[in-house]
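The values are calculated or read from the model by the stated rules, or taken from the named source; none is laboratory data. Computed from a predicted model, the values in this text were never measured in an experiment. Counting neighbours? That spans all protein chains shown, and the Cβs are built from the backbone with ideal geometry, glycine included. Keep in mind that these areas ignore ligands, DNA and RNA; they rest on the heavy atoms of the full protein, side chains included. Shrake-Rupley method; radii C 1.70, N 1.55, O 1.52, S 1.80 Å.
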Amino acid sequence: MLAAHQIATFLPRFTATTHEAPKPRRIAASVTGLSKQFGNTPVLKDINFDIAEGETLVLLGASGSGKTTILRIIAGLERPDTGRVILHGRDVSDLPARERGVGVIFQSYALFPNMTVEQNIGYGLRIRRRNGKEIRETVDRLLELVRLTEHRRKYPSQLSGGQQQRVAIARTLAYEPEVVLFDEPFGALDAQTRTRLRSEIRALLRKVNVPAIFITHDQEEALELGDRIAVLNAGRIEQIGTPQEVYDQSASEYVATFLGRANLVRGVHQGEKVTLVFRPEDVRLGDEQLRGCHQLGTGIVKEVVFAGAYERLSVQVDDTEIVVTRMKPQTNAQRLKTGDRVKVGLDAYTVLAPLCGPLRISAASAVNDRFSAENAEVRRGPQIKASKESDLLWN
Amino acid sequence: MSAAVSTIRHVQGFDVVRPLSIGTLIFLMLPLVFLPLASIFIFGTSKGLPRFWSALTAPEAIFALKLSLATSFWATVFNVLFGLFAAYVLSRYSFWGRNALIVTISLPTAIPTAVAGFALLLLWGPYGTLGRLLAPHGIHVMFTGGAIILANIFVTFPLAFGVMKAVFDTMNHSLEEASATIGASRWQTFWHVTLPALRGAIVTGALLTFARAVGEFGSTILVSGNLAGRTQTAPLYIFAKFNEGQIEAANAIAIVLALLSFLIFSVLFFARDRMEAK
C-alpha cells in the first residue's frame, strides 16, 4: 500500500496534453453509426470514424473485435444493420461492392491463379472495357511502381508472398480506388519479411497518396503503419488517435495494455476509481532520490531478465509489482540484481478516471510548468483535486 | 504418379514382404481384371485381323458405335452445363430442402440402372404418365435416340454434379469477392474467375459422364427398344450378337469399347496428376 500523501503528488498538477490546432483535412471516407449483429451476437456498436486524403488508418483489435466486419462493410461485402458509408462525399451504403470503387487487399491476396501478373493487374481495367493501349500503359506503370516488371508473365504461384502482395496492391491501384483496405496483410508472413514489407508498403502508400485502412491485431504493426490508430474492443472503438496519442495517452486500460506493456496502479479518489498507467520504459530506478521525475517510492527488485536490446525488471513497490525496462546505458551505469532496494520514479504517466477521461502527465511538463493546476482541474472536472490533503486511497 | 511414397524403413536388409505383397496383388488381379481384358484381345484377333476388321466395319456395328458416341456426347454436354448450374446453386445458396435436393440428385448412383430405365418407361412410355398424353400428338419419346440420351443423363448426372460441387464447396471465396470489389459483375466474375477454377472439374466430370454413358446397358436396353440399326447402342449390340452366337462380331465392338475406356481413364489419371502438381 502506497502512502496517500505519496500518491497525491501524482494527481493532476501539470498536464502536457497537446493543444495543436486541428489541421484542415479533406475527408476521403467516413463511416457513421455502423452497427451489426450476427444472429443475437452484436459484433459492431456505433462505429464512427473518418479518414483524410492520403491518410493511413489502422483498425487495431484482437480477433473477434469486429475489425474485419468493418472492412467488409466498407467494401460492400457485408451489409450493416445501421450506419452509412461515405466515400468522397458519395453515400455508397446501398451500392453493391462492384460499384463502390474500393480496393481490398485480402489476407490471402486472392490473386487469380489462372492469370499472369500483368493480367491480374489489368483485370479491373479490362472489365471496365478500357482500350488496350491504356491498359498496357497503366499495367507498365504499376509494374514499375511495385518493382515486378521482370515477373510480369509469371503466374501468382511462381511468386513469393511479398511479391504476390505487391501484385494485389497494383491490381487495386490500377482502377484508382477511393480507398484501399488491407485485411491483415502480413498475417501469413514470417517476422522478418513482415518488417520489410511494412516499410515497403508505407513508402508505396506515401508515393501514391491513396487513403488506406489497415486491419491488424499486431500493435507493433499498427504503431508503425498508421497515421492514426483506432483501437477496437468488443465491437466498439475505444480510442482513435495518432500512434503517440494512443500509446502515451491511452484512453482506457484496454488500450494501454493492448498497445504494448503497461503498469496499472489502481486507486480510489473521493469515491471515484482512478488508475495510474505508466509504461515500463517510463520508470526510473536509482539509489537515491530521483530528480526531475515523480516519486513512486521505494521498491525491491524481484527479477532481472536480459532481453537483448534492453533489460526487463520486476520491481515490488509496496504491494504492487511493476515492470520496468532499462536500456543499456542505464543498465551499465547501475547494475541491479534480485533483492536490491531501489528508489522508483516515473518520467510520465496517465491518470485514468472513468468520469473524466485520460490525462497525460510527464516530468517534462513539470519542469516547464506550462500548464497550471487549475487548468488541469477545469478540464478534468472536480472529481480529482491536486491537493496534498487528498484523501486518496490506493487499493 | 508423381510423389512416390517413401519405403517403410523399419526393416534391415532384404524385406521379403515387399516382393511377396506385390506378387500377391498381381496374382489376385490376374483372374479378376487382367485375364478377362486380355482374352477380349486374344479372342478377337485370333482368326486374323481381316476377320476382325470386317466384323468391326459391319454397317450395324458402325451404327451402334456411332449411336453410342452421339448419345453419350449429348448426355455429357447436358450434364456438364446443368451439373455446373446445379452445383453452383446448391453450393452457393442455402434454402429449405437443399439437402433433400442434393440427396435426390445424387440418388441415381445408387439406383440399379434397370430400375432407372423402367422408371423412364413408366413416365414417357406410350402408356406412361406423360407419354400417354403425348402419344396422340405423334410424339414418342421412348424407343428413340432421345430416350437413350434421357437414360444416360439420368444415370450419369450425379457424376458430373458431384465432381463440380466438390470444387465449388472448397473454392476460396475471396477470389470472387476480390473480383467483385475490383468492379466485375456477377457474370464477369463467373466467367473470368469461377469458371477457370472449375476447368479441371469440368474435364473430369465430362470424361466420367462420357465413359459411363458409353457403357450404359441396363437402362438403355429398356428405353431404346434395342432395334438394330435404329436404337441399338454398342453395349446392346455386343449383347445381341452374343445371343445370336456371333461371338466375333460382339468381340470386335468389345475391343473398341475397352480401348475407349482405357483411353478416357488414362487421360483422367494423368490430367488429375498434372492438376494436383500445380
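Structure above, values below:
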{"read-out": "Label-to-label distance, nm, for residues given as B:Leu107 and A:Glu224 (7 Å Cα→Cβ offset)", "value": "6.0 nm"}
{"read-out": "Estimated FRET transfer efficiency (B:Phe262, A:Gln37; beta-carbon r; R0 56 Å; 0.05)", "value": "0.45"}
{"read-out": "FRET efficiency for B:Tyr88 and B:Leu35, using Cβ-Cβ distance with R0 set to 51 Å, rounded to 0.05", "value": "0.70"}
{"read-out": "Listed residue pairs exceeding 23 Å between alpha carbons, taken from B:Lys66/B:Lys241; A:Lys133/A:Lys154; A:Lys45/A:Lys67; A:Lys154/B:Lys165", "value": "A:Lys154/B:Lys165"}
{"read-out": "Gained length - A:Glu150 relative to A:Ala191, 0.36 nm times residue gap less alpha-carbon distance", "value": "12.1 nm"}
{"read-out": "Qualifying chymotrypsin sites (Phe, Trp or Tyr not before Pro) for the stretch B:52-130 [loop in DSSP, other Cβ within 10 Å: at most 15]", "value": "B:Tyr93, B:Phe95, B:Trp96, B:Tyr127"}
{"read-out": "Selected from B:Leu25, B:Leu227, B:Leu133 as most flexible by GNM, with chain B as the system and alpha-carbon contacts under 10 Å", "value": "B:Leu25"}
{"read-out": "Amide proton proximity set for A:Val268, modelled H, under 5 Å, gap of 5+", "value": "A:Val274, A:Leu393, A:Trp394, A:Asn395"}
{"read-out": "Shielding by other protein chains, B:234-242, mean Cβ within 10 Å", "value": "0"}
{"read-out": "From phi via Karplus (6.51, -1.76, 1.60), per-residue ³J(HN,Hα) for the stretch B:168-175 in Hz, x at Gly/Pro", "value": "4, 5, 9, 5, 6, 5, 5, 4"}
{"read-out": "Principal semi-axes in Å for the protein assembly as shown [√(5λ), Cα gyration tensor, largest first]", "value": "75, 30, 24"}
{"read-out": "Shielding of A:124-133 by partner chains, average beta-carbon count, 10 Å", "value": "2"}
{"read-out": "Rounded, prolate or oblate (a/c below 1.5 giving rounded, otherwise prolate when a/b exceeds b/c) for the stretch A:281-360 by Cα gyration tensor", "value": "prolate"}
{"read-out": "A:Ile27 versus A:Lys328: modelled label distance in nm, points set 7 Å from Cα along the beta carbon direction", "value": "4.9 nm"}
{"read-out": "Alpha-carbon centroids, the stretch B:20-41 and the stretch B:186-218: separation in whole Å", "value": "33 Å"}
{"read-out": "Nonlocal amide H pairs with A:Ala52, under 5 Å, H built at 1.01 Å", "value": "A:Ala28"}
{"read-out": "13 Å Cα-Cα reach of A:Lys343 towards aspartates and glutamates, excluding residues that sit fewer than 8 places from it in its own chain", "value": "A:Asp287, A:Glu288, A:Asp318"}
{"read-out": "Long-range amide H partners of A:Leu181 with built H, under 5 Å", "value": "A:Gly103, A:Val104, A:Ile105, A:Ile213"}
{"read-out": "Leading residue at positive end of dipole, the stretch A:35-140 (Cβ point charges), from A:Leu87, A:Pro113, A:Ile135", "value": "A:Pro113"}
{"read-out": "Simple Cβ-charge dipole of the stretch A:27-248, Lys/Arg +1 and Asp/Glu -1, about Cα centre, in debye nearest 20", "value": "1000 debye"}
{"read-out": "Rg and Dmax [Cα atoms of chain B; Å; Rg one decimal, Dmax integer]", "value": "23.1, 80"}
{"read-out": "Averaged over B:169-179, number of beta-carbon atoms from partner chains that fall within 10 Å", "value": "5"}
{"read-out": "Gain upon complete extension [A:Asp140, A:Glu253; 0.36 nm per residue less C-alpha separation]", "value": "35.8 nm"}
{"read-out": "Estimated D of the stretch B:132-278 in µm² per second, where Rh is the Kirkwood radius over Cα pairs and Stokes-Einstein applies at 37 °C, 0.692 mPa s", "value": "179 µm²/s"}
{"read-out": "Model label zone, B:Ser54; criterion: amide N under 17 Å from point 7 Å along Cα-to-beta-carbon; scope the stretch B:219-253", "value": "B:246-253"}
{"read-out": "Local electrostatic count, A:Leu143, Cβ distance below 13 Å [Lys/Arg +1, Asp/Glu -1]", "value": "+3"}
{"read-out": "A:Glu220 accessible area, assembled protein chains, probe 1.4 Å, Å²", "value": "100 Å²"}
{"read-out": "Using θ = phi - 60° and Karplus 6.51 cos²θ - 1.76 cosθ + 1.60, couplings along the stretch A:326-332 (whole Hz; Gly, Pro as x)", "value": "10, 7, 4, x, 5, 4, 6"}
{"read-out": "Equivalent ellipsoid semi-axes, the stretch B:25-133, via Cα gyration tensor eigenvalues times 5, rooted, Å", "value": "39, 23, 16"}
{"read-out": "Theoretical ellipticity at 222 nm over the protein assembly as shown - DSSP helices of four or more residues, -39500 (n - 2.57) apiece, nearest 500", "value": "-14000 deg cm²/dmol"}
{"read-out": "Solvent accessible area, Å² - A:Lys36, 1.4 Å probe, full protein context", "value": "20 Å²"}
{"read-out": "Simple label model, 7 Å out from Cα along Cβ direction - A:Asp46 to B:Phe239, nm", "value": "7.6 nm"}
{"read-out": "From phi via Karplus (6.51, -1.76, 1.60), per-residue ³J(HN,Hα) for the stretch B:92-98 in Hz, x at Gly/Pro", "value": "8, 10, 9, 8, 5, x, 4"}
{"read-out": "Cα centroid separation, the stretch B:98-125 to the stretch B:126-166 (Å)", "value": "11 Å"}
{"read-out": "Dipole magnitude of the protein assembly as shown, debye to nearest 20 (Cβ charges: Lys/Arg +1, Asp/Glu -1, about Cα centre)", "value": "1500 debye"}
